[in-house]
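Down below is the structure, laid out as structure tokens.
The values are calculated or read from the model by the stated rules, or taken from the named source; none is laboratory data. Bear in mind that the values here come from a model prediction, so they are computed numbers and not experimental data. Using ideal geometry, Cβ is built from the backbone for each residue, glycine included, and neighbour counts are taken over all protein chains shown.
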Amino acid sequence: MRVSILKIIIFSFVFFSLFVLWQGLKKNNNYDTKSLVGARISNFQFTEINNVNKSISEKDLKNNKFTLINFFASWCLPCRTEHKYLINLSKKKIKIIGINFKDKKKNANNFLKELGNPYNFVGKDSDGKASVLFGVYGIPESILVDNNLNIIKKIIGPIDQNQYNEILNLIK
Amino acid sequence: MLSNIGIGLVYSILALSFLTIYNAHLDLKIINTTVKKIIYKLSLFQITFTILSFFTLILGFINSDFSLVNVYENSHTTKPLFYKIAGTWGNHEGSLLLWVNILVLFSYLFLIFNHIHNKKFRLYTLIFQNILIIGFVIFLLFNSNPFNSLYPIPLEGLGLNPILQDPALAIHPPLLYVGFVGCSIYFSAALGSLLSGYNGKLFAKSIKVWVVTSWCFQTLGIIVGSIWAYYELGWGGFWFWDPVENASLLPWFAITALMHSLIVLEKRNVLYYWVIILCLLTFILSVTGTFLVRSGILNSVHTFASDPSRGIYILVFLSLMIFAALTIFFTKYKKETYDFNIKSKETFILANNWFMAFFLATVLIGMLYPIFLDVLSNIKISVGPPFFNIVIIPLVVPLLFLMAIGPKFGWIKSQKKIFYKILFLILGSVIINLFIFNFFGKYSFLSNLIFIASIFLILNSILDIKKFINNKIKLELSRIISHLGFGLLVFFIGINHQFSLEEDFNLKVGEIKKTNNYEINFESMRIKESKNYKAIVGNFKLTNLKNNLVEYLDPEIRIYSNPETLTYEAAIETKITSDLYLTMSNVSRSDYYNIKFQKKPFMIWIWISAIMIALGGFVQLTFKKNES
């Protein structure tokens, strides 16, 4: 009798696991940007990288018509290639928040000194945990949010000319 | 042309599998001890056609025959010959053909080399192996055919991803495949054993060679992959707990447990059903890993262009395999009684199994949990290195101790004398650790334990070598080498982790930076042209300020033309005591280059000790051969 209960448990467990994997396949790419677009961003809070008393949360975004949240790090090579687009964007009608991902304060500041600082606010996420809430998988990643906190666009990987133009179109 | 030949060959493999199963089925009814000649012949034809089909595809790649979609998508005329050939298995379809090759190869070798074993057992094994072959050949033909043709024929191919154009990566997949797909033969043998009732010691003897062989190749494959990551990815790391690396670890844990339990089965004739479970589990985990990687359900550097239909096929096949295995297992399962002495060798070998089971569960949960959570509750999380490090590393300490002590205990019962020896060695390890701690740097309590445990295992193994030279028990040698290798591996990884230096800064040509006892002089820059890429090469002069030794390092930024990609090649100066690691990357719109400088102590020893682990297995294989 004991063996048959064990059998049922094992069979149902295997069946359940395989079923979940099958459902996972149907999800069609776990990290698809499309699934996030249209969703509201969750509550968050980041402290300023050089000033622990300053912080930013989702409420602050409500004052901006559009906000681009950009996840970056000094050690990330593609972040360098996208930086010029961020600099150009900073001259447009958009607020840019930089989230410094798993980085050292010194290196991050050098990075911004060297390449220019396009950010209205630089938040720190030294262990990368807070970024996970945004569905960040690797960096660079950027999320475009409107004043209702809806995600309009998510960019995985460095921003290039096409995506730059797309952002400009969206915030017109 | 090649397309037709290839497809014809693959169909004949399929037909031969059906014929083999049919003939084996007929032969099962005849009560005698020899397998029919016709089955040998069918198998010989099958292996010949399989190898021919693979050569056909290689030929397509060598001649850049772009009438094959597969060649068009993954090759280019300007690629060096070596990478044209390696391109054959550098893509999903080609690697699946390699997979089929190994299935057939092991099927054939098992039939040939196991003639002393029970006929029924061999025939059942052959039948199951051919069912696996049929499953994968159908997958190949209808979903991932490397011989699909293209018309009109393009003049040029799309090229191979440059980060795959690396010698280590050219041999990495074949090694891993022999390791992972090789497991198929004892998956089949386990089912064959259950059905034929050919069990116990004899069964252990019949599969041991295959288990050790696939273990060796898996181990080597994982090491080569890790070496590749170190040289090519340019981060200076060698293990990232990336989902694909984890997928390769899953069967490795199972097979390591299997290899150890098999010794108990062979010597004491117990644990038969546990060995069967591990046999089944190892291949099931190999296929699960393949499913996770190829279906695109996980995102990783290794993901081939994902295709959901591919995932569904592997999943269906995996389900069939698991349910068939479970059903056969449960219908044949009988309760075994164990009579173990707590201080005997078997206990320690089983302890190894508990550790492997724990590591396996940890890695499996770390991999699957995000998928399950996403499916069941739409929450996306990522499980990264911190999880694995926290859960796995502390348990390495007792594992190291057991690896040292376990082999000292004899079969069934053991002596008291050993106790004092162990105490003495632990004391020695603590002293060596204190020495390192005091003179080279401080580290955490856990690191102290890791160092003590690994030194303890190393000292033990060294004493074992001394004993081996006196006694010459050949089979012990393989164990000593592998365990010593593991002890050294943990030790050197620990040292490397504790004492690595890393500096990140920007320089332009002609500038000098002083850091960590090194003076780094960015002397000049040149352009290098190669067959498939152009490169900007930086010439750096590194002076060690302590002893004024001068080193020249030339990192590169490569611009590959087909497909157009930028890669950063690290310059690595490998020495016996440490590696100097330098990467440079361009800083847009400025003359500055971002330089990452690392000094990584004992890197080469990490590779050497890892290779030693695999070497132990090869030593056992060669001795086995001599014995028989």
Practice task
Would you be able to say whether some residue in region B:335-348 is among the hydrophobic types (A, V, I, L, M, F, W, C) and assigned to a helix (DSSP H, G or I)?
Solution key: yes
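Just to verify a result, which residue in region A:118-143, among those that are free of Cβ contacts under 8 Å to residues at least 24 places away in the same chain and more than 20 Å from A:Gln163 (Cα to Cα), is surrounded by the most Cβ atoms within 10 Å (Cβ to Cβ)?
To start, the set of residues in region A:118-143 that are free of Cβ contacts under 8 Å to residues at least 24 places away in the same chain comprises A:129, A:132, A:138.
In the following step, the residues that additionally are more than 20 Å from A:Gln163 (Cα to Cα) were identified as A:129, A:132.
Numbers: A:Lys129: 10, A:Val132: 15.
Within region A:118-143, the match that is surrounded by the most Cβ atoms within 10 Å (Cβ to Cβ) is A:Val132.
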Fill in the blank from the handout: With criteria (1) at positive phi; (2) assigned by TED's automatic domain parsing to the domain that holds B:Ser578, B:Gly441 comes up short on (2)
Handout entry: Residue that is at pLDDT 85 or above and over 24 Å from B:Gly494 (Cα atoms), where the choices are B:Leu566, B:Leu542, B:Leu580
Key = B:Leu542
Practice task
Taking B:Leu326 as the residue in question, decide whether it is more than 14 Å from chain A (Cβ to nearest Cβ) and at pLDDT 85 or above.
Solution key: no
Practice task
Would you point out which residue out of B:Phe110, B:Phe55, B:Phe136, B:Phe106 is within 25 Å of the chain's Cα centre (by Cα) and surrounded by fewer than 21 Cβ atoms within 10 Å (Cβ to Cβ)?
Solution key: B:Phe55
Exercise for the section: Please tell me if B:Ile127 is under 18 Å from B:Tyr313 (Cβ atoms), surrounded by 20 or more Cβ atoms within 10 Å (Cβ to Cβ) and not basic (Lys, Arg). Expected result: no
Practice task
Confirm whether B:Tyr593 is in contact with a Lys or Arg (Cβ under 7 Å, 6 or more places away or on another chain), more than 14 Å from chain A (Cβ to nearest Cβ) and farther than 30 Å from B:Leu488 by Cα.
Solution key: no
Fill in the blank from the handout: Per the filter on region A:115-172, residues at pLDDT 85 or above, over 21 Å from A:Lys93 (Cβ atoms) and part of a loop (DSSP other than H, G, I, E, B) are none
Handout entry: Looking only at region B:366-387, and only at residues there that are hydrophobic (A, V, I, L, M, F, W, C), over 27 Å from the mean Cα position of the chain (by Cα) and surrounded by 13 or more Cβ atoms within 10 Å (Cβ to Cβ), the one that is farthest from the other protein chains (Cβ to nearest Cβ)
Key = B:Leu373
Practice task
Return yes when B:Phe180 is farther than 28 Å from B:Ser226 by Cα and either in a helix (DSSP H, G or I) or without any contact (Cβ under 8 Å) to a residue 60 or more places away in the chain (or both) and no when it is not.
Solution key: no
Completion exercise
When B:Ser588 is run through (1) modelled with pLDDT under 90; (2) within 14 Å of another protein chain (Cβ to nearest Cβ); (3) within 17 Å of B:Gly237 (Cα to Cα), the failure sits at (3)
Practice task
Keeping to region B:186-226, report how many residues are surrounded by 22 or more Cβ atoms within 10 Å (Cβ to Cβ) and closer than 16 Å to B:Asn118 by Cβ.
Solution key: 12
Practice task
Provide a single number: the residues in region A:75-112 that are within 9 Å of chain B (Cβ to nearest Cβ) and among the charged types (D, E, K, R).
Solution key: 3
Handout entry: Matching option when the condition is within 19 Å of B:Pro601 (Cβ to Cβ) and in a helix (DSSP H, G or I), among B:Ile432, B:Ile480
Key = B:Ile432
Handout entry: B:Phe618 vs. criteria in a helix (DSSP H, G or I), surrounded by fewer than 17 Cβ atoms within 10 Å (Cβ to Cβ) and in contact (Cβ under 8 Å) with a residue 12 or more places away in the chain
Key = no
Practice task
Please identify the pairs in which a residue from region B:162-177 that is touching a residue at least 24 places away in the same chain (Cβ under 8 Å) has its Cβ atom under 9 Å from the Cβ atom of a residue that is part of a loop (DSSP other than H, G, I, E, B) and among the β-branched types (Val, Ile, Thr), counting only partners at least 6 apart or on another chain.
Solution key: B:Ile163/B:Val301
Practice task
Answer with yes or no whether B:Phe401 is more than 10 Å from chain A (Cβ to nearest Cβ), in contact (Cβ under 8 Å) with a residue 24 or more places away in the chain and within 30 Å of B:Ile450 (Cβ to Cβ).
Solution key: yes
Fill in the blank from the handout: Exactly one of B:Asn23, B:Asn4 is closer than 29 Å to B:Ser295 by Cα, in a helix (DSSP H, G or I) and more than 27 Å from the chain's Cα centre (by Cα), and that residue is B:Asn4
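Any idea which of B:Phe439, B:Phe491 is surrounded by fewer than 20 Cβ atoms within 10 Å (Cβ to Cβ) and either touching a residue at least 60 places away in the same chain (Cβ under 8 Å) or not in a strand (DSSP E or B) (or both)?
Exactly one residue qualifies, and that residue is B:Phe439.
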